[in-house]
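Worksheet for the structure shown next.
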Amino acid sequence: MYFIHFCPTLMAVRSKMTQVSHQRWGTVSGVGDVDMWVLQSSTVRVEVLTLGAIIRSVHCKGKNNKMEDVVLGYDDLEGYVSDKRYLGAVVGRVANRIARGHFVVDGKEYQLDINNGPNALHGGLRGFNKAVWLATEVEGGVSLSLTSPDGDQGYPGEVQVSVSYTLQKCQTAQLDTSWVWVPARGKTLTAEYRARSTKTTPINLTNHSYFNLSGQGAADIHDHEVSVSAQSYLPVDETSIPTGEIRAVEGTPFDLRKPVLIGAQLKEVPGQGFDHNYCLSSPRVDWEERHAVRICHPPSGRVLEVSTSQPGIQFYTANFLDGSIVGKGGFKYLKHGAFCLETQNWPDAVNQASFPDCLLRPGEEYHHVTRFTFTTI
């Protein structure tokens, strides 16, 4: 179903310098023990929980060599158990929204629980973010696996899912007619997803980390610069479901092809902020791994670049954080206090025939890769 082609201008080189360790972090009543895995290099430290395959933290250096945690999260396990904002988690079976929680597969109607206005969001009331995954060490990282039974949250088929996180040394470069991604040397956190199903089912997996390159306790992301290498985006209705139109970004506030300050651009975007799918490929092409986003925080010098084999990326500016969440270090997370880069299929694709196919059929393998590269300027 998902085919990955590596562009000759896009390279990833494994590092043997990543140290991998793990320890017991707590127990979820009625669910099981939760471990924390640590991926450690000289410049980046990543913490991963077996609950929800959550990226709990990413510590990386700025231009002054100071390490900061740039991922929002909680100090203890209870925060993640009660969390309703998907902080750091893998969400599924289907990330983003399904209109009215309803779809038809092979002539059969399915109705999911409604948990976001009139729609189903991020897999349901107890999606993959609330499950404890099995973990095994792999070279440079950890692989987490999960069995989702037939009928789980209303979805058909038993699904075997895995995601591996590996920390690598990476050199990347890409060039096209509209933008240049200069060669960058840094550390790359790679997330590789796989799944198989016993019945035809929609599937769309992503990681829902909230980033702030100034540090996870910073008030906002207004001083970050963003660029998204997409020519079009999906307009949405009042419930955040795509209308079906694929609209060019040119001449709109959604044009992020050249770097812009997020704070200034938020003043131009209608509504609460960015929560839109950017189209990285057309619906009917084989998906290649390609550069998607570059976000830079000039004061600290931290840069995050994302490449993916997915056809879309949801750029979200934490519009619904309101200070009610107390995160790591006692910091209250505020509106526009972070950004999410959810690499994924297009929202509501199961109900929109013109969107990329999101159905996983028996005998097929769902497979995609996303890379987060951390560098400094």
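The values are calculated or read from the model by the stated rules, or taken from the named source; none is laboratory data. Given the structure is predicted, the values throughout are model-derived calculations rather than measurements. FYI the Cβ positions are ideal-geometry reconstructions off the backbone, even for glycines, and counts take in every protein chain you see.
One residue stands out among those in the range 256-267 that are touching a Phe, Trp or Tyr at 6+ places or on another chain (Cβ under 9 Å) and free of Cβ contacts under 8 Å to residues at least 60 places away in the same chain: the one that is surrounded by the most Cβ atoms within 10 Å (Cβ to Cβ), which is Leu256.
Looking across the range 359-377, the residues that are outside any strand (DSSP E or B) and either under 21 Å from the mean Cα position of the chain (by Cα) or modelled with pLDDT of 95 or more (or both) come down to Arg361, Pro362, Gly363, Glu364, Glu365.
Could you pull out the residue among Val142, Val159 that is at pLDDT 95 or above, closer than 15 Å to Arg93 by Cβ and surrounded by 20 or more Cβ atoms within 10 Å (Cβ to Cβ)?
Numbers: Val142 fails: closer than 15 Å to Arg93 by Cβ.
Selected residue: Val159, the only one of Val142, Val159 that is at pLDDT 95 or above, closer than 15 Å to Arg93 by Cβ and surrounded by 20 or more Cβ atoms within 10 Å (Cβ to Cβ).
For Lys16, the requirement of being touching a Gly at 6+ places or on another chain (Cβ under 7 Å) and modelled with pLDDT under 95 is not met.
Only residues that are in a loop (DSSP other than H, G, I, E, B) and among the aliphatic types (A, V, I, L, M): list them for the range 218-249, please. Those that are in a loop (DSSP other than H, G, I, E, B) and among the aliphatic types (A, V, I, L, M): Ala218, Ala219, Ile221, Ala230, Leu234, Ile241, Ile246, Val249.
All conditions but one from (1) touching a Lys or Arg at 6+ places or on another chain (Cβ under 9 Å); (2) surrounded by fewer than 16 Cβ atoms within 10 Å (Cβ to Cβ); (3) in contact (Cβ under 8 Å) with a residue 24 or more places away in the chain; (4) over 24 Å from Gly186 (Cβ atoms) apply to Pro356; the one that does not is (2).
Please go through the range 336-348 and give me each residue that is farther than 13 Å from Gly215 by Cα and not in a strand (DSSP E or B), ordered by number. Spell out the reasoning first.
As a first pass, look at the range 336-348 and keep what is farther than 13 Å from Gly215 by Cα: 336, 340-348.
Hits for the range 336-348 are His336, Asn345, Trp346, Pro347, Asp348.
Each row is one residue, and each column tells you yes or no for (1) closer than 22 Å to Asp83 by Cβ; (2) touching a Leu at 6+ places or on another chain (Cβ under 7 Å).
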{"site": "Ala264", "(1), (2)": "no, no"}
{"site": "Pro311", "(1), (2)": "no, yes"}
{"site": "Gly337", "(1), (2)": "yes, yes"}
{"site": "Ala353", "(1), (2)": "no, no"}
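Mind listing just one residue for me: the one in the range 61-90 that is touching a residue at least 40 places away in the same chain (Cβ under 8 Å) and assigned to a strand (DSSP E or B) and, of those, farthest from Leu213 (Cα to Cα)? So, considering only residues that are touching a residue at least 40 places away in the same chain (Cβ under 8 Å) and assigned to a strand (DSSP E or B), the one farthest from Leu213 (Cα to Cα) is Val90. Residue under question is Ser240, and the condition is that it be among the polar types (S, T, N, Q), at pLDDT 95 or above and more than 22 Å from Ala89 (Cβ to Cβ); does it hold? Criteria not met by Ser240. Among the conditions (1) surrounded by 14 or more Cβ atoms within 10 Å (Cβ to Cβ); (2) under 16 Å from Ile54 (Cβ atoms), Arg126 misses just one, which is (1). Restrict the check to the range 30-38 and report whether at least one residue is at pLDDT below 95 and among the hydrophobic types (A, V, I, L, M, F, W, C). Yes; the residues of the range 30-38 include at least one that is at pLDDT below 95 and among the hydrophobic types (A, V, I, L, M, F, W, C). The single residue among Glu250, Glu245, Glu288 that is surrounded by fewer than 19 Cβ atoms within 10 Å (Cβ to Cβ), in contact with a His (Cβ under 8 Å, 6 or more places away or on another chain) and over 18 Å from Phe211 (Cα atoms) turns out to be Glu288.
Listed here are the residues, each with its yes/no results for (1) farther than 22 Å from Leu359 by Cβ; (2) surrounded by fewer than 20 Cβ atoms within 10 Å (Cβ to Cβ); (3) modelled with pLDDT of 95 or more.
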site: Asp76; (1), (2), (3): yes, yes, yes
site: Tyr80; (1), (2), (3): yes, no, yes
site: Gly88; (1), (2), (3): yes, no, yes
site: Arg93; (1), (2), (3): no, no, yes
site: His102; (1), (2), (3): no, yes, yes
site: Asp113; (1), (2), (3): no, yes, no
site: Leu134; (1), (2), (3): yes, yes, yes
site: Val138; (1), (2), (3): yes, yes, yes
site: Asp150; (1), (2), (3): no, yes, yes
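Residues to consider are Val58, Val104, Val38; find the one that is part of a strand (DSSP E or B), out of contact with any helix residue (DSSP H, G or I) (no Cβ under 7 Å at 6 or more places or on another chain) and within 22 Å of Val303 (Cβ to Cβ).
On the way: Val104 fails: within 22 Å of Val303 (Cβ to Cβ); Val38 fails: within 22 Å of Val303 (Cβ to Cβ).
Result of the check over Val58, Val104, Val38: Val58.
Consider Pro270 carefully, then state whether it is at pLDDT 95 or above and more than 28 Å from Lys61 (Cα to Cα). Considered against the rule, which asks whether it is at pLDDT 95 or above and more than 28 Å from Lys61 (Cα to Cα), Pro270 comes out as no. Considering every residue within the range 40-63, establish whether at least one is closer than 22 Å to Leu334 by Cβ, among the hydroxyl-bearing types (Ser, Thr, Tyr), under 23 Å from the mean Cα position of the chain (by Cα) and at pLDDT 95 or above. Checking the range 40-63: at least one residue is closer than 22 Å to Leu334 by Cβ, among the hydroxyl-bearing types (Ser, Thr, Tyr), under 23 Å from the mean Cα position of the chain (by Cα) and at pLDDT 95 or above.
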